[in-house]
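I have placed the structure first, in the form of structure tokens, so that the comments after it can refer back to it.
Read the figures in this text as sums done on the coordinates, not as results from a lab. The shown structure was predicted, so the numbers you read here are calculated from the model rather than taken from an experiment. Positions of Cβ are backbone-derived with ideal geometry, glycine not excepted, and every protein chain shown enters the neighbour counts.
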Amino acid sequence: MEPSEHDAGLAAIRTYLARLGAELADCDAALRHDALVDAESHLRAAVRSGSSPERAIDEYGSPEEVARAYRAADVAPSPWRGEPSAAPAATEASAPRPEAPAATAARGRGFRALPVIGIWAQPAAWGALLYFGLVGFALATAYFAWSVGVGALALGLLPTLLGLPIFVALLGSARAICLFEGRVVQALLGVRMPRRTQPGEGAESVGFWLRIWCWLRDVRSWLSLAYLLGNFPVSLAAFVVTVALFATGTALAVAPALSLLGLPIASVGADDDVTIQVLWYRFRPDADGNVWLPGAAAPWSIIAGLALLTATLGLARGLGWVYGHVVQAIQVARPQPVRPVYR
């Protein structure tokens, strides 16, 4: 394909993608990203196979039809490489019918729809609690150690020219790690992540070194590396707060059960003169140094514990929503175009 014909084809595809993006402007960013990647990959593959851009666009479907089908059903993920597949949105008949609003509303009713206490029945809240209280912190620590270790090695070897390929490898690993992190975030935090990999404009016809140059120019490479480095202090703070609140709430909620089992809530030295003051209750150890929960304080302990646990779930759910959309924004960032080599 001659350069002028290629540029005209790219212009037609870019115009189509701009119209499709405008049609999906009110949709989830990850869904919009997948729709654009699907359309771009299909149209480019069709043009490479000999079809004109106008014919490829006409066969794929108008932006309005494609947007309507993606709103109606989230199509199954498929790799962008390979032969152009049938356009998922080419016809309205190929997409499942959207559910009736009444059916969707009925499914949303129940305990989880209740204000405040409904958070106990929301899987995303428990997933966020698990993520910030264990999984996210462990992964963030591993990501940070990898990034700092490899980055320091690359900087140290930079005068010998060995540092540059190591740094490029670090950028590539950062992109791959962020894709993996996106899957974890989607599973636990309930924020949809892109299911397609955007290769970059013209990446299908460039060589190895130009692809490396694309990585260096791609904003997602630098955003991914910044995420791996900056995520550690955020995850550490979220881990400390989540664990402290959840542990305190659990201790308050189960303290009366300890008394029913004949177990003290605390134990100090028998000879120590210790007084424990919690709000308006004062606890003094007995002759053996054991601290018991008074019967009058048991209901208030349960109420305070359950309230704190509910607040912790709500905090984790809200933080998870913000955190998940930050990860989503990194993955839907559009890469810099690559100028292909004409043949």
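Taking the Cβ-Cβ separation of LEU134 and VAL326 as r and a Förster radius of 25 Å, what is the calculated FRET efficiency to the nearest 0.05?
After rounding to 0.05, the efficiency reads 0.80.
Calculate, in nm to one decimal, what ALA152 and ARG112 gain on full extension: separation in residues at 0.36 nm each, minus their alpha carbon distance.
Once the chain is fully extended between ALA152 and ARG112, it gains 9.6 nm.
Any chance you could run the full-extension gain for ALA169 through VAL243? It's 0.36 nm times the residue separation minus the Cα-Cα distance, nm to one decimal.
23.1 nm
Starting from 0.36 nm per residue, how many nanometres of slack lie between ALA251 and ARG183 once their C-alpha separation is accounted for?
Numbers: separation 68, 0.36 × 68 = 24.48 nm, distance 3.29 nm.
Using 0.36 nm per residue and subtracting the Cα-Cα distance, I get 21.2 nm.
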